[in-house]
Amino acid sequence: MPWFKKDKAPKAQLSDKKVKIPEGLWVKCDNCKEIVYKQEIEKNLKVCPKCRYHFRISARERLDLVVDEGSFVEYDAGLSPKDFLGFKDTVKYKDKIKSSQSTTGQRDAIISGKAAIGGHDVMLAVMDFSFMGGSMGSVVGEKICRASERAEEAGVPLVIFSSSGGARMQEGVVSLMQMAKTSAAVARLGQKGIPFISVLTDPTFGGVSASFSSLGDVIIAEPKSLIGFAGPRVIEQTIKQQLPEGFQRAEFQMEHGQVDMIVDRQHMKDTLARILEFFKASPTAGV
C-alpha cells in the first residue's frame, strides 16, 4: 500500500487553465519590427522607444501637440468631396467617402484654420492619412489654397503638415490639377515674403510630395518618415536594382538636400516656435 497518493489532473482540465492575453496590448513597429507595449507607445507620443520611429497620428492629435491651447479656429469645415466621375472600383467612390467620414469623423483628409504656435499667429493645415490614405483631391487642394490665401491676406506664416499617399485617383484629372493649384498658391506667398513651413510626416508621397510639400522655405521631417514620389518597391521593380539602405527615409533625404531638418515629435512645437520667431525678427527671410 503506497504511503501517499498523488492525484493527477486530466490534461483536458490543465489546458482549460491557460491564461488568455487580451488583444491590442502590443504593437509591432513598422520600422524596427520590435513588439512594443501599446501603453508605452501611447505615453511616448506614439513614438517607438526602440528606434524612434514616429507612428502615424490623426490630424486632431497633431493639433493638440503643436498649437497653443484654445487657439485653433477651424475654417472650411463644411467642404466635402464629390464623386465627379461616378467612379466605381470594387467599392463606389461615394461609398468610400461615406465610410471614411464615418470612421474618422472628418469631411476629408485635411483640417485647416488659424492658430498660434508659441504665441505666433499662423495659418495651419494638417493632413490625415487615416482618411483614404491622406489622398489629395479637390477638397484637400481647395483647403490648402484657401489657407495660403488667408495667410497672404493676414500677413502671417503658413504651416502645413503633410501625410499622404498622393493624388486621389477617384477624382482623375481634377485631383492632378490640385498639384499646380497648390504650388501656385504657396508661390504667391513667396512673392510677398510670407514664410511657408512644410512638415513632412510618414508617409509623404506622390502628388503631394511633387507639389506644395516640397516648396517650403523650411522643410522639416519627422524621424524615419518615408518621403518620395513613387514607393521603394515600385522603383525597384522599374529599374531592376536594389535601392540603398534607408532609401526615401527622412534621414536619407536630409543627407541628399531634400529636407532641412529632422525633428522629433516631442520637440516639434518648440522648433516651429523658434523658426517663427526667426522669421518675425527677419521679415525678408521668407522671400
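Laid out as a table, the results:
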item: 18 Å tail of the calculated P(r), segment 80-153, as % of Cα pairs; result: 45
item: Value in Å of the Kirkwood radius, where segment 135-287 supplies the Cα pairs that are averaged; result: 16.0
item: Residue of 172, 86, 231 that the Gaussian network model of the chain assigns the largest fluctuation, springs spanning Cα pairs under 10 Å; result: 86
item: Debye, to nearest 20: dipole size of the chain, +1 on Lys, Arg Cβ, -1 on Asp, Glu Cβ; result: 1460
item: Size of charge dipole - segment 142-227 - debye, nearest 20, with Cβ of Lys, Arg +1 and Asp, Glu -1, no other charges; result: 80
item: Under 28 Å, Cα to Cα: Lys pairs in segment 61-164, sequence gap 8 or more or different chains; result: 15
item: Excluding exposed DSSP-loop GluC sites (Glu not before Pro) (at most 10 other C-beta within 10 Å), longest clean stretch of the chain; result: 70-244
item: Segment 99-221 - share of DSSP beta bridges that are antiparallel (%, nearest 5); result: 35
item: Fewest-first ranking of 140, 126, 73, using other Cβ atoms within 10 Å as the exposure measure; result: 73, 126, 140
item: Neighbour-count ranking [beta-carbon atoms within 10 angstrom, fewest first] of 217, 30; result: 30, 217
item: Inter-part distance where segment 42-86 and segment 219-287 are each reduced to a Cα centre, Å; result: 18
item: Taking all pairs of distinct alpha-carbon atoms in segment 96-198, Kirkwood radius in angstrom; result: 13.9
item: For segment 115-130, Karplus couplings with θ = phi - 60° (6.51, -1.76, 1.60), whole Hz, Gly/Pro x; result: 7, 10, 10, x, x, 9, 6, 9, 9, 9, 9, 10, 8, 10, 5, 5
item: Angstrom value of the Kirkwood radius, inverse mean 1/r, which spans all Cα pairs in the chain; result: 20.8
item: Neighbour cut-off at most 11 other Cβ (10 Å), DSSP loop, trypsin sites (Lys or Arg not before Pro), segment 237-276; result: 240
item: Exposure proxy order (Cβ contacts within 10 Å, fewest to most) of 139, 186, 174; result: 174, 139, 186
item: Rounded to whole Å, sorted largest first: equivalent-ellipsoid semi-axes of segment 23-170, Cα gyration tensor; result: 27, 24, 12
item: Vicinal HN-Hα couplings computed from phi for segment 238-244 (Karplus, 6.51 cos²θ - 1.76 cosθ + 1.60; Hz; Gly/Pro x); result: 7, 8, 6, 9, 7, 7, x
item: Antiparallel DSSP beta bridges within the chain, as percent of all bridges there, nearest 5; result: 50
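Values quoted throughout were computed directly from the atomic coordinates according to the rules given, and no laboratory measurement underlies them. The shown structure was predicted, so the numbers you read here are calculated from the model rather than taken from an experiment. We place every Cβ from the backbone using ideal geometry, glycine too, and count neighbours over all the protein chains shown.
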